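The structure under discussion appears below in the form of structure tokens.
The values are calculated or read from the model by the stated rules, or taken from the named source; none is laboratory data. Everything numeric in this text was worked out from a predicted model, so none of it was measured. Glycine gets a Cβ as well: all are built from the backbone with ideal geometry, and neighbour counts include every protein chain shown. Remember, those area values only see protein heavy atoms, side chains included, never the ligands or the DNA or RNA. Shrake-Rupley method; radii C 1.70, N 1.55, O 1.52, S 1.80 Å.
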Amino acid sequence: MAQEQISVFDIFKIGIGPSSSHTLGPWRAAERFIAVLKEKDLFDQVDQIKVLLYGSLAKTGIGHGTDIAVLLGLSGDDPVTMDVNQVIPKVDHIKISNSLHLSGKKMIPFHYEEDLLFLTNENLPFHPNALTFQAFLSSGEAISETYYSIGGGFVTQEGEKSVLSEVDLAFPVETAKELMLWCMRSGLKVSELVLENEKAWRKEEETLDGIWNIFRTMKHCVYRGCHTQGVLPGGLNVQRRAAKMNHRLIQGKSYNDYYSWIESIREGGNDFSYILDWVSCFALAVNEENADFGRVVTAPTNGAAGVIPAVLQYYIIFHDALDKDKIIQFILTASEIGSIFKKGATISAAMGGCQAEIGVSSAMAAGALAECLGGSQRQVLMASEIAMEHHLGLTCDPIGGLVQIPCIERNTMGAIKAITAAQLALKSNPDKAIVSLDDVVQTMWDTAQDMNEKYKETSDGGLAVRVPLSLPEC
């Protein structure tokens, strides 16, 4: 039977905030639609484009920047390389000029209020995150394509089959049990097994270089977030906190770059509350950047992008692990845990609530930390299970449809739970564990299916309807 295959670079994608499923996914969908037009030799005939957003994309699209992502995707901008400082100005220009430079090559009229429609009362059956692109041609004909943003920046076209076996993996894995069996047979660590599988797609050096680029992006995001003040966009008037926390915690120590900064942090010692504050600061920094249309790494999503960088920073700084091989090991291990959740459940909050985002990211970070701290393969899986077990049922209820409240603080909670889960697993005998990682993956999916739709990234329930929009966060 063919199996779904997920690379480390499917779980970790570089993009622009605030949401992988509502921003990065629609952005990629727009790029795919442009590609379809070009492949069918219809691009030069396009006179008008309309975009229809359904379900969760419609209900929280403004707050999640779905409209911005679609416009930039149609304009030919790349979320990996685009200057983040130009995101809002470029979209504002499209709105004011009532025109769109399609793929950067063909100017067409585009009226934001008429050509980008938020169909909040309509849903498509396959997935809550659906959008349709319509192109009207000079010939009088039209072409339409529907896409689904299924979480973590993954996009599938209507009628498209799932990503199945395309390469021969050395160690095909669908479940945690299969992962454990391969590890036992081969004697490989989880990270080593993943690296062997990645060779089916590319040379090992290319994989290692790509992972290091993922880390560089995370590192830059943490550092920038810890040194940027202000108010986040969207109308909630949420104040950035990471920069103020950094200033207070660093206590006047001097530094001039990321590396001297982490040395200054180490000089502060290892008091429990000091470490706790820094982990929170790192997580806040990333998700404040995410909320401000900054460049982040899906881990496995944008809304949960702060957990893994925060735990990785904790490991680097407080375990003296600024070592390229250890950092790559961390990211490789985390990716495998994320792929197991993607295959067995979901990493989309619109499908499973926030347990599918913060919960999965916490499980990924816990497993990665456990391996890097010397844990066995069984302890890695146990750490991941513990982290997710205590996120089960977590709802997604963003106030105002923005990836800010409670999303930003939830990343700090996920990071702390991950560290605790790793420590518990390292001090436990996994052979005596009652709950397996596969049990908790299936339970998460069962919970997702039972969860009321209003708690799945619609802003129709929970804090989103309980807290008046005029109230500040703190």
Inside the range 238-259, the number of residues satisfying the requirement of being surrounded by 13 or more Cβ atoms within 10 Å (Cβ to Cβ) and more than 18 Å from Asn270 (Cβ to Cβ) is 10
Being farther than 26 Å from Gly63 by Cα, of a type outside the set (Val, Ile, Thr) and at pLDDT 95 or above narrows Met413, Met388 down to just Met388
Is it the case that the range 338-346 has a residue that's polar (S, T, N, Q), open to solvent by less than 10 Å² (accessible area, probe 1.4 Å) and in contact with a Lys or Arg (Cβ under 9 Å, 6 or more places away or on another chain)? no
Sole miss for Gly359 among (1) of a type in the set (Gly, Ala, Ser); (2) assigned to a loop (DSSP other than H, G, I, E, B); (3) modelled with pLDDT of 95 or more is condition (2)
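Residues being acidic (Asp, Glu) and either touching a His at 6+ places or on another chain (Cβ under 6 Å) or in a loop (DSSP other than H, G, I, E, B) (or both): count how many of those fall in the range 389-409. Spell out how you get there, then give the answer.
Here is the first cut: in the range 389-409, the residues acidic (Asp, Glu) are 389, 397, 409.
Add one more test, that the residue is either touching a His at 6+ places or on another chain (Cβ under 6 Å) or in a loop (DSSP other than H, G, I, E, B) (or both), and what stays is 397.
Residues that pass the stated criteria total 1.
Tell me, please, whether a residue that is basic (Lys, Arg), modelled with pLDDT under 90 and open to solvent by 40 Å² or more (accessible area, probe 1.4 Å) can be found in the range 167-181.
Initially, the range 167-181 is screened for residues basic (Lys, Arg), giving 177.
Going one step further and asking which of them are modelled with pLDDT under 90, we end up with none.
So far as the range 167-181 goes, no, none of its residues is basic (Lys, Arg), modelled with pLDDT under 90 and open to solvent by 40 Å² or more (accessible area, probe 1.4 Å).
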Can we say Ser273 is out of contact with any helix residue (DSSP H, G or I) (no Cβ under 6 Å at 6 or more places or on another chain), open to solvent by 20 Å² or more (accessible area, probe 1.4 Å) and polar (S, T, N, Q)? yes
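Only one of Asn256, Asn270 is free of Cβ contacts under 8 Å to residues at least 24 places away in the same chain, not hydroxyl-bearing (Ser, Thr, Tyr) and not in a helix (DSSP H, G or I). Can you tell me which?
On the way: Asn270 fails: free of Cβ contacts under 8 Å to residues at least 24 places away in the same chain.
Of the residues listed, the single one that is free of Cβ contacts under 8 Å to residues at least 24 places away in the same chain, not hydroxyl-bearing (Ser, Thr, Tyr) and not in a helix (DSSP H, G or I) is Asn256.
Just need a number here: residues in the range 82-124 that are assigned to a loop (DSSP other than H, G, I, E, B), polar (S, T, N, Q) and either surrounded by 15 or more Cβ atoms within 10 Å (Cβ to Cβ) or modelled with pLDDT under 95 (or both). It would help to see each step written out before you state the result.
Of all residues in the range 82-124, those assigned to a loop (DSSP other than H, G, I, E, B) come to 82-83, 98, 103-105, 110-111, 120-124.
This time we only want the ones that are polar (S, T, N, Q), so: 98, 103, 120-121, 123.
Checking which are either surrounded by 15 or more Cβ atoms within 10 Å (Cβ to Cβ) or modelled with pLDDT under 95 (or both) leaves us with 103, 120-121, 123.
Final tally of qualifying residues: 4.
Return the total of residues in the range 44-75 being farther than 24 Å from Gly151 by Cβ and open to solvent by 20 Å² or more (accessible area, probe 1.4 Å).
First, pick out the residues of the range 44-75 that are farther than 24 Å from Gly151 by Cβ: 44-50, 75.
Checking which are open to solvent by 20 Å² or more (accessible area, probe 1.4 Å) leaves us with 44-45, 47-48, 50.
The qualifying residues number 5.
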Within the range 1-49, residues free of Cβ contacts under 8 Å to residues at least 12 places away in the same chain and not in a helix (DSSP H, G or I) come out as Met1, Asp41
